[in-house]
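The values are calculated or read from the model by the stated rules, or taken from the named source; none is laboratory data. Predicted model only: the values in this text are computed from it and were never measured. Using ideal geometry, Cβ is built from the backbone for each residue, glycine included, and neighbour counts are taken over all protein chains shown.
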Amino acid sequence: MVTRRDMFRLTGGAMAGSALLAASANNATADPAYAQTVDPDGVYTPGEPNRDYTPVTTPNGTTLPFRIIDGVKVFHLVAEPVQHQFAPGLQARCWGYNGHVHGPTIEVVEGDRVRIYVTNRLEAPTTVHWHGVIVPSGMDGVGGLSQRAIHKGETFKYEFSVRQYGTLMYHSHHDEMTQMGMGLMGMIVAHPRAPKTSIPDRDFVIMLSEWAIEPGTFRPDTNVMSDFNILTMNARCYPGTAPLVAQKGQRVRIRFGNLSAMDHHPIHLHGYAFQITETDGGSIPKAAQWPETTVLVPVGSTRTIDFLADNPGDWAMHCHMTHHIMNQMGHNIPNMVGANFSAVDEKMTGLLPAYMTMGTDGMGDMGKHVEMGHMAMPINSIPMVGANGPHDYITMGGMFTILKVRENLQGYEDPGWYQAPAETQAKPASTDELIRDGIET
């Protein structure tokens, strides 16, 4: 005999089971986590630059060309040795794509059908993984797991439809420590087919990475685990980084990707607050965005920021890890700050006229001494910090560049140094000003 309590228990269980089945069915048809504006299984006309999207700018880099064959965008990547310059005076024998380190930016539009040929001109086998891109398993590019490696002289074909939009990356997924450490990586920008937000006027792409290149050597040391001494934006360190140039009043987007071996990078932009608008998963809902002046870009991730260029000037943009804005900094240097070596220097210069004890007042003057010819550098090396600026020596290097916002630009070439209006320029205080405000020095 079934009691009323048993009946409620049985019918309640059936209702709960039905609810679970319904939830499961709904979940199976729910929107995916990646960002999309159109049916990912639809067939679309290949997106064209300046018609369907505003092309991005990759400072110090380039964009991979394509052809359209029977409605498919066809690209060709060539993995090969590249003699790469990080900054004037510092170059290395790296690995890259199509003659570039890092590889060219690949631009596509959500819904595009793409075919990417990869030719291997390296001595070692390699693959290409489309980092963050939703692809069929056999196109994922993981050596040994989803494909066999591409041997020297071979060309492999990858083909898939772009199911999402956002800022993504590509890199070797075979012997990653060596091959990524040598430079085999690049950025992918997938533009939305039906944009839900305003299209930026200036759209920049910057890949963050780190290297170990000892002074006097010409090849990255990919066995290093922590003592990286070259920190780069698009494989260049300051003063080799190109500025980001924008017209006052333009909407600016900067897309950061981080494929450093070990380090996250908090990128700080002077002169502006911005919105963090996207991750490599796609757009952040408007209600979940937040204002920042520093964006943390974790290893293996991308972050996108948007802002209005309403504050003219030359604005520093750099990693806020202080050792990441240095070049070829030694990691076994004794602490010399505050030490008095004047007697030692006097005796040493009698034997070695070019001798100079460094570090007693910090490292800020090292580059200046090199510029003035007071100090020689080892072969294939650059000062730990900086270059000459408009007012003094800029004591930053490494992962550092400059956003240049101007009025009345005629183009986007480097406009030179900003001339601040007199009333907005910091300068030495006059005696009258000190007396007026009761400041005793």
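The table for this structure:
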| read-out | value |
| --- | --- |
| Considering residues of region 278-316 that are within 30 Å of THR424 (Cβ to Cβ) and touching a Ser or Thr at 6+ places or on another chain (Cβ under 7 Å) only, the residue surrounded by the most Cβ atoms within 10 Å (Cβ to Cβ) | ILE305 |
| Lone unmet requirement of (1) out of contact with any helix residue (DSSP H, G or I) (no Cβ under 7 Å at 6 or more places or on another chain); (2) touching a residue at least 40 places away in the same chain (Cβ under 8 Å); (3) not in a loop (DSSP other than H, G, I, E, B) for PHE156 | (2) |
| Unmet criterion (only one of (1) at pLDDT 95 or above; (2) within 22 Å of HIS171 (Cβ to Cβ)) for GLY282 | (1) |
| Residue that is among the aliphatic types (A, V, I, L, M), under 30 Å from GLN328 (Cβ atoms) and touching a Pro at 6+ places or on another chain (Cβ under 8 Å), where the choices are ALA87, ALA79 | ALA87 |
